[in-house]
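Notes to accompany the following structure.
Every number here is computed from the coordinates shown, using simple stated rules; none is lab data. Note that the coordinates shown come from a computational prediction; the quantities given were computed from them, not determined experimentally. When we count neighbours, we look across all protein chains shown, and the Cβ atoms used for this are built from the backbone with ideal geometry, even at glycine.
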Amino acid sequence: MAALKFEDVSLYHPRHGRLLEGVSFELALGEWTALVGGTGAGRGALLRLACGLISPSSGRITVFGREVEPGARASGLFPIFADPDSQFVSPIVEDDLGITLESRGLDTGSIRSMAADALARVGLSGYEKRFVSGLSGGEKKRLLLAHGLLTDSRVILFEEPSAMLDRPARTRLFELLGRMARRGRTVLATANRREGVLAADRVLVIDGHAVVFDGEVAEFRNARGLISKLGFEGDAARIAGRLFELGETGFRGALTPDEVFNVFKSRKELLV
């Protein structure tokens, strides 16, 4: 049974027109999928459809075989949206996590113990008494992943996970998402950077409001035209392309750092 499944899903808006058209895919447990697309492609709408915040114009969406009901968050699914601050309720980390557990009827000691365990699992040990407002962007996103762990959600939807994070913070977050996937959770995360795609297991590309690519990362890396269109070419590939245009015909593919250095050393006019 698929963890998350879209069957011929379309979405239209009275003013903005078509947002998604005939989208179909299914995600398995233990799989991290990078959701790729340009501005206005419909990725945010897709995530909101998946968790029931908006209704599709047509088609069917299921989470572990149960149809998503508009207005009711799908059981077993935890969304993290682009603005993490909008999802916090309490100013203190431990209290904010405790709110997630209150409905279980647990005593205070159990809630604190479970909160501490969840924080440790996302690399935030000792953060219990900190103010949420004082956390960095990356720490806030990891705190929301701790919420996802406490709800036992097996599907994590993540909008713009790398936004406003420096490289070390992005690396820590991607490592955490990778561990979660390896331990059996399904991760669907939008990706605007090449590193966010390469860290995933699978790539789903939305273009022209429809799915135009659905495959493993290795396959995506060979889709040169699509990679170029999406702006995911690495610096070396762009340099190689430029050199080819300038007559350096020996460099069609990616360059090693030494090759880049040697070319610019011998062709100083390229530095202008």
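Before moving on, here are some points about what is shown:
- Taking packing as the residue-averaged number of other Cβ atoms within 10 angstrom, the listed peptides 50-63, 199-212, 3-16 run from highest to lowest as 199-212, 50-63, 3-16.
- Local electrostatic count, F78, Cβ distance below 13 Å [Lys/Arg +1, Asp/Glu -1]: +2
- Spatial separation of Cα centroids for the stretch 176-198 and the stretch 128-156, in angstrom: 16 Å
- Segment D152..S58, full-extension length gain: 30.9 nm, with 0.36 nm per residue of separation and the alpha-carbon distance subtracted.
- Linear extension gain, D107 paired with E128, 0.36 nm per residue minus alpha-carbon span: 5.9 nm
- Alpha-carbon Rg/Rh ratio, for the stretch 158-229, with Rh computed the Kirkwood way: 0.96
- Cβ-placed point charges (K, R +1; D, E -1), dipole of the stretch 67-138 about Cα centre in debye, nearest 20: 220 debye
- Where labels lie 7 Å past Cα in the beta-carbon direction, separation of V217 and R18 in nm: 3.2 nm
- Distance histogram for the stretch 87-152 (every C-alpha pair counted, 5 angstrom bins, percent rounded to whole numbers): 4, 20, 35, 27, 11, 3, 0
- Take every pair of alpha-carbon atoms less than 8 Å apart whose residues are at least six positions apart; their mean separation over the length of the stretch 87-152 yields a relative contact order of 43 percent.
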